[in-house]
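Peer 1: Here's a structure for you.
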Amino acid sequence: MTIRSSLAKLLADPGSSAPAIVSTSPLVVVSYGALAEQTERLSGQLRNAGLKPGDCVAIVLPNSLEFLVVFLALTNARLVAAPLNPADKRGIAERCGNREKAM
C-alpha cells in the first residue's frame, strides 16, 4: 500500500493518461500524469526560489487550471497556500503592504 503524504500526491497518478481535469472554457483536458509533471516542476521552482516548508504564499488567481496547479504545487512543497480574491485589489494591498513579491 502506498501512503500519500500530501494532497498533491493523493491526486497525482503519474502513470495515468486518464483525464484529471476537464475545463470547458476553453476546452482543456489535463491527464493525471501531466498534472503531476506540472505540479512537481513548480514545486521544485518554489523550493529553488528559497521557500521553506511552512512558508505562506499568497495566490491571487481566478478559479482556473493555473490556480489548481499552483495550489497543488504549494502543498507538494509543504508550503501554506493563502488564496486571495483577485477582485479585492484594495484588500490585498492592505494585507500585504510593501512585502508582496511576484513569482
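The values are calculated or read from the model by the stated rules, or taken from the named source; none is laboratory data. Keep in mind the model is a prediction, meaning the values are calculated, not measured. Please note: Cβ atoms are built from the backbone with ideal geometry, for glycine as well, and neighbour counts cover all protein chains shown.
Peer 1: For the range 6-31, enumerate the residues that are of a type in the set (Ser, Thr, Tyr) and modelled with pLDDT under 85.
Peer 2: Ser6, Ser16, Ser17, Ser23, Thr24, Ser25
Peer 1: Sticking with this one: Which residue out of Glu66, Glu37 is part of a helix (DSSP H, G or I) and closer than 22 Å to Asp88 by Cβ?
Peer 2: Matching residue, one of Glu66, Glu37: Glu66.
Peer 1: Looking at (1) exposed (fewer than 10 other Cβ atoms within 10 Å of the Cβ); (2) at pLDDT 90 or above; (3) aliphatic (A, V, I, L, M), which is the only condition Ile3 fails?
Peer 2: Going through (1) exposed (fewer than 10 other Cβ atoms within 10 Å of the Cβ); (2) at pLDDT 90 or above; (3) aliphatic (A, V, I, L, M) one by one, Ile3 breaks only (2).
Peer 1: Can you name every residue in the range 81-103 that is at pLDDT below 65, surrounded by 12 or more Cβ atoms within 10 Å (Cβ to Cβ) and among the hydrophobic types (A, V, I, L, M, F, W, C)?
Peer 2: The answer is Ile92, Cys96.
Peer 1: May I pose another question? Farther than 13 Å from Leu74 by Cβ, hydrophobic (A, V, I, L, M, F, W, C) and surrounded by fewer than 16 Cβ atoms within 10 Å (Cβ to Cβ), is that true of Leu27?
Peer 2: yes
Peer 1: A further question on this structure: Here's a check for you: in the range 37-80, which residue that is of a type in the set (Lys, Arg) and free of Cβ contacts under 8 Å to residues at least 40 places away in the same chain is surrounded by the most Cβ atoms within 10 Å (Cβ to Cβ)?
Peer 2: Applying the first criterion (of a type in the set (Lys, Arg)) to the range 37-80 yields 41, 47, 52, 78.
Adding the requirement that they be free of Cβ contacts under 8 Å to residues at least 40 places away in the same chain leaves 41, 47, 52.
Working: Arg41: 12, Arg47: 16, Lys52: 10.
By that ranking, first place goes to Arg47.
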